[in-house]
1. Starting from a Cα-only point model with no solvent, please compute log10 I(q)/I(0) by Debye for the chain at q = 0.09, 0.16 1/Å.
2. With a cut-off of at most 12 other beta carbons within 10 Å, and DSSP calling the residue loop, which trypsin sites (Lys or Arg not before Pro) in region 25-61 qualify? Please list them.
3. Taking the Cα centroid of region 144-208 and of region 257-313, what is the distance between the two, rounded to the nearest whole Å?
4. Assuming R0 = 30 Å, what is the FRET efficiency of S235 and W310, from their Cβ-Cβ distance, to the nearest 0.05?
5. Whole-Hz ³J(HN,Hα) for each residue in region 28-36, computed from phi via Karplus 6.51 cos²θ - 1.76 cosθ + 1.60 with θ = phi - 60°, x for glycine and proline: what do you get?
6. Given springs between every Cα pair under 10 Å in a Gaussian network model of the chain, which of T93, T253, T179 has the largest fluctuation?
7. L187: net charge of surrounding residues, Cβ under 15 Å, Lys/Arg +1, Asp/Glu -1, itself excluded?
8. Sum up the charges of everything whose Cβ sits under 12 Å from the Cβ of R147, counting Lys and Arg as +1 and Asp and Glu as -1, but leave R147 out.
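We did not get these values from a lab; they are worked out from the coordinates using the rules stated. The shown structure was predicted, so the numbers you read here are calculated from the model rather than taken from an experiment. Backbone-built Cβ (ideal geometry, glycine too); neighbour counts: all protein chains shown.
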Amino acid sequence: MEEQIITGKLNPHIDPVLAVWEWQIPVYLFLGGLTAGLLILGAISVLRRESSPTVLKLQVAVPVILAVGMFALFLDLAYKVHVFRFYTAFEPTAPMSWGSWILLLVVPANLLLIAGTMHQAWPRAYDWVQGRNWGERLTAFAERRLRPVAWGGIVMGVALGIYTGILLSAYGARPFWNTSILGPIFLVSGLSSAAALTQWVSRSEREQARYTRLDVGLILVEVALLGLMLIGMVSGPLQQQRAADLVLGGELTVFFWVFVVMLGLLLPVFLEVIHLRGKHFPRFLAPAFILAGGLIFRFFIVEAGQLTTWIPY
């Protein structure tokens with residue numbers, strides 16, 4: 001008896017391991033998560049009527065960060081001239097179709113939030129804008145509807161943050177990605193990165209302490225979600241158990257536990273806790289570890305998923 005297998009594994013990007021997604025994808029996933037986190041934190045600050053000028057000032061960086069992330073995504077496209085096709089249709093069952101429209105809608109949500117808080121975050125720019133008819137209309141519109149604008153920012157931020165994880169988890173053929181908890185992990189990680197950036201940039205000790213406490217909580221939640229993901233994989237089907245072996249004695253074990261868990265999560269949360277207790281050290285240290293750890297985590301996830309498969313040929 002003969003069995004004939006028709007496969008694309010002989011493609012050099014597929015055999016011996018999948019290597020279709022390179023550095024562009026983890027960079028986009030990190031910057032997309034950071035964008036989502038900043039948008040959400042800014043909107044929450046508005047809804048809670050907090051005096052958080054730093055997180056509101058950082059809203060002007062959101063379009064820039066998002067543009068860099070989308071440019072990295074554009075570089076990954078094989079047929080770059082076809083990029084417009086993402087916006088000529090909407091496919092409800094395609095995660096990338098959802099993502100392309102979410103990315104498009106995040107921009108107006110962010111711009112309305114900037115316009116509605118410009119008087120607080122950028123008073124000089126606000127005075128300049130008021131001298132223009134279009135600017136006065138835009139800021140007046142956003143200020144009158146600031147709470148709905150903030151809620152819209154939260155909705156779009158959560159959608160973008162979770163989507164960066166769903167983009168991977170939707171690939172059922174990759175057992176390390178195929179878990180519903182990946183979306184929440186990416187959302188919490190993006191919020192943590194945004195909180196770290198805010199406390200790094202802020203010049204207010206009160207504001208630094210606020211976002212340090214928030215970041216500690218977010219990191220602890222992220223550690224718990226990572227633990228639940230590994231537990232689910234270890235107790236799941238055989239191929240997911242083999243995928244979990246990558247970090248439980250396999251080739252990515254040292255990378256995951258040292259760079260992702262220890263240096264990217266546990267060390268910065270330790271530094272933040274002792275900072276809250278009055279111990280002083282370079283202020284940039286913990287946020288730098290968190291931001292670097294968030295980027296490294298995306299590189300790890302993308303690599304781990306491409307190393308695993310359901311079908312051992």
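1. Listed by q, the Debye log ratios stand at -0.50, -1.34.
2. On the way: sites: R48, R49, K57; in loops: R48, R49.
Sites meeting the loop and neighbour criteria: R48, R49.
3. For region 144-208 versus region 257-313, the Cα centre distance is 16 Å.
4. Numbers: r = 17 Å, r/R0 = 0.58.
My answer for the efficiency is 0.95.
5. 4, 4, 5, 5, x, x, 5, 4, 4
6. Ranking T93, T253, T179 by mean-square fluctuation puts T93 first.
7. On the way: positive: R298; negative: D215, E222.
Once positives and negatives cancel, what remains is -1.
8. Details: positive: R48, R49, R144, R145; negative: E143.
Here the charged neighbours net out to +3.
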